Structures are given as structure tokens and as C-alpha cells.
Amino acid sequence: MAVRRNPFKPTAGALPPLLVGRQDVIDEFVESIEDGPGAPGRITIFTGPRGVGKTVMLTEVADQVRQLGWVTISDAATPGLVARMTHALTRRVDELGDKPTRPMTGFTLPGVGGGLTFAPPPEVVVDFRGQLGKLLDLLEPHGTGLMLAVDEVHRKSIDDLRALATTYQLLTSEGRNVALAMAGLPSSVSDLLSDDILTFLRRANREVLDDVPLGEVRDALGKTVTDEGRTITDDALEEATAATGGYPFMIQLVGYHVWRKADGDVIDLAAVRAGVPAARKRLGSTVHETALADLSAVDRTYLLAMSHDDGPSRTGEVAKRMDVTPFYASTYRARLIDAGIIEAVDHGYVDFAIPYLREYLREHAARYEMAARHRKR
Ligand SMILES: Nc1ncnc2c1ncn2[C@@H]1O[C@H](COP(=O)(O)OP(=O)(O)OP(=O)(O)O)[C@@H](O)[C@H]1O
Ligand SMILES: [Mg+2]
């Protein structure tokens, strides 16, 4: 058998072989580009739990918008964002313009230290506006425009985001051909939307990304396998599909590990049964561990209390298990919902938003319980 490359991409931010279940959301954004300046979808914020595919959505919509002849500039919201974007804009202006608009000098990015973040200096913001204007002057006569994509929005770069947002607002009020796509975890996004200066973002189109339908997962797994020259039996495909829970990151993990465990041209049930535990293990060491590390000890105690149930947990019961008042527990419930770790299901019930987190917590309960007790002292 020829050695075949493994087509699955279980890596943060990596474009999957097939983007499952997101066509509508992509179409909506691309239509807003076609609809012209002022279309509401032109400011979109993608949000949702870890590993749901936010970064991939930004990449995909930027790709499609570029195919319409637009220029796109993508970056992550870390301090220095505006300066970096200005730098990128200047390069594009130089490439598209007849002659260099000015000598290419690198920006000295504001440093970050001692817990302080630095607002972009006024001259950087002025330069940002200037370069945006120049680039749009070059693009608009051709009927195209500029899209900015900002990943991992977070309070730590609030000053840059404020400068970006006010500048963007100015451009839209002037009817310029611009679009802005952002992505972040639900807690970071709601945090930003409560900022006084970022009020106009509250009118942005918010796309909450969620698990994708299993039927589409099945089709995508099957097609990815056959496109790469192998086949998969029906029962194996069924079991692999179910193991993903419709969670995008798990689609790639299951695909990747099942592919590895099969040795012939045909992927069978045995390969799936060997691959799924490997996929779950990787999910634990990447997604679960990272998600739990971001939380406080009490947040984790709340989750441990939930993990006793096989399905959704009653919030009153969780409080009882934690030995706290329902009121006290409700603060943590709200925080965990905001962080995209759990979700409210029926009235008075919560459930895990990340697949296999329950199982992961059960398996590692001792470690997290001990850490919680340690902190309390
Ligand atoms: N719609 C999808 N179909 C199939 N695979 C997907 C889809 N969306 C994302 N993936 C895969 O899931 C993984 C995680 O995607 P991505 O890094 O975009 O998530 P994220 O939401 O940005 O996560 P984080 O919150 O950690 O930044 C990647 O391996 C990616 O290939
Ligand atoms: Mg991401």
C-alpha cells in the first residue's frame, strides 16, 4: 500500500480538509460584502467555546472575501495591534500604488511589561487612519475594499481595540468600503461589549458557533477518507461520527487518530475503537487542560460537582454538593456559562458545553480536588 498522508488537521487554527456545518454563516458574511457599505453583517463577531472553530472561520471568510478582489489584513488582538496593522497597510499601499508612499520604516512596537499595557500613541492612530484612507482610495475605484480580521479579542488589548473600533466607525460613517470580522471566547466578547467606548460593537452581528450536525460530520469524514484514497466501513463511520459529538476539534482528532490506527486501505471498526481513545486523550491534554487552567479553584469545584451526573445537572443540586448557597453557586454558574465551559439547558439545569469534559473531570478529579483544597488554605 502506498503511504498516504493523513488529511485531518487536529491543530488550533489549521483549516480542516472540509469545513463542516458552517456554510450559512460564511454565506451571510460574504453576502454582506456584496451588499455594499453599511450592510449589517459587515461587522461580525464570531464567538463560542474553545475548539469550536472561531479562528478557522476568520481564515475562511477572509479567503472568500479575497476571492472577491478585496484586501484582507488579519492579526490577533495583542497589544501593538494597531501599529502592526498600520505596518501591514503601508506595505499594501506600497504594493498597489505606483510609487512608495513613504520610506518603509519598521514601527517600534510598544512594549508590555510590569502588568501595564500601553495605548497606541496618538501618532500611531493617526497613521493608521491615514494608511487606511490611502489603501481604500486605491481599492474603491475598482469596486473592492478592505477587510480587517481580529482574532482572540480580549480585554488585555482594550486600548488597541478602542482605537480600531473608533477608526472603523469613522470609516463606516464616511461610507467607505470596509468590513470587520472578530473572534473571541464568549467571556472575552461580553467583557468587551460592556466597554463604554466599544458601544457600537453591540450592534455587530454576533455569530455564536456551536457543535455541527452529525449528519454533516458523517458526510465529511467519509468524503475526506475517500478523497485520500481509502474507504471506511459503514459501522466504523457511524461510530467515528458519534465519537465526535459534533464538536469541530474532535472531528479532526477522531479523524486523525482513526486514520493512523488503520493499516490497510479500509478503515474498519477496530481502527475506530483504537483511534477514539487516542483522540480523547489528546482532547484532554489540549482543550480540557487549557480550559480548566483558565478557571478559578471554585469554578473547577462547580464543574467537579456537575461531573457526578451522567447528563444535565440541576443547579440546586450542584450547590448542595458544593456545600454553598444556591445564590453563591449562581455566580460561578454565570461565569462558567460566559467562559463557554457550560451551558444552561432546561430551566434550572446546566450541562457541559465541551464534549468529554465530564469524563475528563472524573478521570482527573483527584488532581483538581487537591488543587482546590490547597488554594483554600
Ligand atoms: N467547521 C469545522 N469542521 C471541521 N473541523 C473544524 C471546523 N472548525 C474547526 N475545525 C477544526 O477544529 C480545530 C479547532 O479550530 P479553531 O482553532 O479554529 O478553534 P477556535 O474556536 O479558534 O479555538 P480557540 O478558542 O482555542 O482559539 C482545528 O483543528 C480545526 O481544523
Ligand atoms: Mg482560535
(message) Can you report the number of residues in the stretch 1-51 which are in contact with a strand residue (DSSP E or B) (Cβ under 8 Å, 6 or more places away or on another chain), of a type outside the set (D, E, K, R) and away from ligand 2 (no atom under 16 Å from the Cβ)?
(response) 7
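Okay, residues lined up against (1) open to solvent by less than 40 Å² (accessible area, probe 1.4 Å); (2) more than 16 Å from residue 8 (Cα to Cα):
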| position | (1), (2) |
| --- | --- |
| 262 | yes, no |
| 265 | no, yes |
| 282 | no, no |
| 300 | yes, yes |
| 307 | yes, yes |
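The rows are residues; the columns are (1) of a type in the set (A, V, I, L, M); (2) outside the structural domain of residue 51 (by TED's automatic domain parsing); (3) under 25 Å from residue 277 (Cβ atoms).
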{"position": "307", "(1), (2), (3)": "no, yes, yes"}
{"position": "320", "(1), (2), (3)": "no, yes, no"}
{"position": "329", "(1), (2), (3)": "yes, yes, no"}
{"position": "336", "(1), (2), (3)": "yes, yes, no"}
{"position": "339", "(1), (2), (3)": "yes, yes, no"}
{"position": "346", "(1), (2), (3)": "no, yes, no"}
{"position": "358", "(1), (2), (3)": "no, yes, yes"}
(request) Go through the stretch 277-377 and tell me which helices (runs of 4 or more DSSP H), entirely inside it, have 2 or more residues that are touching a Pro at 6+ places or on another chain (Cβ under 9 Å). (result) 315-322, 326-338
(request) With the checklist (1) open to solvent by 60 Å² or more (accessible area, probe 1.4 Å); (2) touching a Leu at 6+ places or on another chain (Cβ under 7 Å); (3) within 15 Å of residue 355 (Cβ to Cβ) in hand, flag the one item residue 235 doesn't pass. (result) (3)
(message) Looking at residue 311 and the list (1) farther than 18 Å from residue 369 by Cβ; (2) open to solvent by 50 Å² or more (accessible area, probe 1.4 Å), which single condition is not satisfied?
(response) (2)
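One line per residue, one yes/no per condition, for (1) within 16 Å of ligand 1 (Cβ to nearest atom); (2) assigned to a loop (DSSP other than H, G, I, E, B); (3) open to solvent by 40 Å² or more (accessible area, probe 1.4 Å):
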| position | (1), (2), (3) |
| --- | --- |
| 168 | no, no, no |
| 172 | no, no, yes |
| 179 | no, no, no |
| 191 | yes, no, yes |
| 197 | no, yes, yes |
| 200 | no, no, no |
| 206 | yes, no, yes |
| 211 | yes, yes, yes |
(message) For the stretch 242-260, give me each residue that is at pLDDT 95 or above and surrounded by fewer than 19 Cβ atoms within 10 Å (Cβ to Cβ).
(response) 242, 260
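The values are calculated or read from the model by the stated rules, or taken from the named source; none is laboratory data. These numbers were taken from a predicted model, which means no experiment stands behind them. Heads up, the Cβs are rebuilt from the backbone with ideal geometry, glycines too, and the neighbour counts pull from every protein chain shown. Areas reflect the complete protein model, heavy atoms only, side chains present, ligands, DNA and RNA absent. Shrake-Rupley method; radii C 1.70, N 1.55, O 1.52, S 1.80 Å.
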